[in-house]
Amino acid sequence: MTAAQTTLAAGAAQELVDRRRQQRRGPLLAAPLRPASIDDALQIQQQVLDLLGTTRGGWKCSVAPAGSAILAPIPLDRISRGDSCSVPLIDGVAPIEPEIAYVIGQDLPPRATPYTETEVLAAIASTHLAFELIASRYAALATEIPDKLADSLSNFGLHLGPQIDGPAALEDIDGEVLRGFKLTLESDGATAKQEWEGKHPDGHPLRALLWLVNYLNGRQTGLRRGEVVTTGSYHGLLQVPANQMLRMQFGTLGKLQVTIRAAT
C-alpha cells in the first residue's frame, strides 16, 4: 500500500471511528476515502482497531467466493459474556444475529500449506451459542463489498453464550446438528414465543471457520489462541426487545439468556 493509500485509509478509519463513538450513521464514505479494493478495506479495518485503542479479540466470517472476502475483526472489548451485553438500539430494540461461535485453543500461524479440516477441528477449544451485536455506521445499505468490509460488516460486538456440550461441539462439516435447528425466543415482556427455522448460511459453521483460517493463512496472518470466531446468522437480522431478559433456545443445543441494554 502506498503512502497516499495509507493516508486515505487513516481518514476513512477516523470517520468510521467517530461514528462508532457518537453512535451515528451517515452516508457512504466520501469518494476520496472510499475503499477501492478488498485490501483497502482490510487496511481500514485494522486502522479502526488502532484508533479505538483496542486489539482484535476475534472475527466474524462467512465463506466467500474466490477473489472476494467476508470477514471482519471483532474488538476484544466488545466481546461479552454473562447475563448482560450492550448494543446501540434502533427505535428501542436491539439488532442481533443468532450464531454459533468457536473459541480457538491453539495458535494457527501462517505456513506454506493450507490447514485441513482435521487440523482446524483439533484447534477448537470450545463451541458456543452466540449473539452477534449489529450496528452499521452507514445510514443506507451498502452494496459494494469494500464498503461493507470497511464498516466491519456492521459488527458492533459479540455476546458469547453457553458452551455446547457433546458431539456437536466438535462436529465435522458433514455433521447434521449444526446445519440447522429451531430457534425459539421468549422474553419477560412478551406473552407468546417467537419461533424460526434456523439454517446456517454456509451449510455448516465449520465451513466458515475453515475458510477464515486459510484466507488468513494466505495473507500471512493467522489465528491466535483465545480468539473467538463467529460464523454467520441462522436467521439473518433479528430485532429483539431491550432491557428485559431474553431466552433463546437453539434447538437441542442449549439456551442463551441475556439482557441487552443500550450501549453508551
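The values are calculated or read from the model by the stated rules, or taken from the named source; none is laboratory data. Keep in mind that what you see is a predicted model, and the values were worked out from it rather than measured. All Cβ positions, glycine included, derive from the backbone under ideal geometry; neighbour counts span all protein chains shown.
Sort through Leu178, Leu183, Leu256 and tell me the only one that's under 20 Å from the mean Cα position of the chain (by Cα), assigned to a helix (DSSP H, G or I) and not small (Gly, Ala, Ser).
Leu178
What do you reckon, is Arg261 under 30 Å from Ala10 (Cα atoms), surrounded by fewer than 18 Cβ atoms within 10 Å (Cβ to Cβ) and either at pLDDT below 95 or within 20 Å of the chain's Cα centre (by Cα) (or both)?
Against the criterion (under 30 Å from Ala10 (Cα atoms), surrounded by fewer than 18 Cβ atoms within 10 Å (Cβ to Cβ) and either at pLDDT below 95 or within 20 Å of the chain's Cα centre (by Cα) (or both)), Arg261 does not qualify.
Is it true that some residue in the stretch 230-246 is crowded, with 18+ Cβ neighbours inside 10 Å, modelled with pLDDT of 95 or more and in a helix (DSSP H, G or I)?
No, the conditions are met nowhere in the stretch 230-246.
Going by what's in this entry, would Tyr102 be described as closer than 15 Å to Pro162 by Cα, of a type in the set (Ser, Thr, Tyr) and touching a Leu at 6+ places or on another chain (Cβ under 7 Å)?
The answer is yes for Tyr102.
Residue check: is Ile260 over 21 Å from Ala123 (Cα atoms) and among the hydrophobic types (A, V, I, L, M, F, W, C)? It would help to see each step written out before you state the result.
Values: over 21 Å from Ala123 (Cα atoms): yes; among the hydrophobic types (A, V, I, L, M, F, W, C): yes.
So Ile260 fits the description; yes.
Could you figure out which of (1) over 30 Å from Gly67 (Cβ atoms); (2) touching a Phe, Trp or Tyr at 6+ places or on another chain (Cβ under 6 Å) isn't true of Gln163?
For Gln163, the exception is condition (2).
Considering only the stretch 110-119, I want to know if a residue exists there that is touching a residue at least 60 places away in the same chain (Cβ under 8 Å) and more than 19 Å from Ile173 (Cβ to Cβ).
yes
Quick check on my filter: what residues within the stretch 122-150 are out of contact with any Leu (no Cβ under 8 Å at 6 or more places or on another chain), more than 18 Å from Asp40 (Cα to Cα) and either at pLDDT below 95 or of a type in the set (Ser, Thr, Tyr) (or both)?
Ser126, Ser136, Leu141
Restrict the check to the stretch 200-214 and report whether at least one residue is among the charged types (D, E, K, R), at pLDDT 95 or above and within 20 Å of Asp107 (Cα to Cα).
yes
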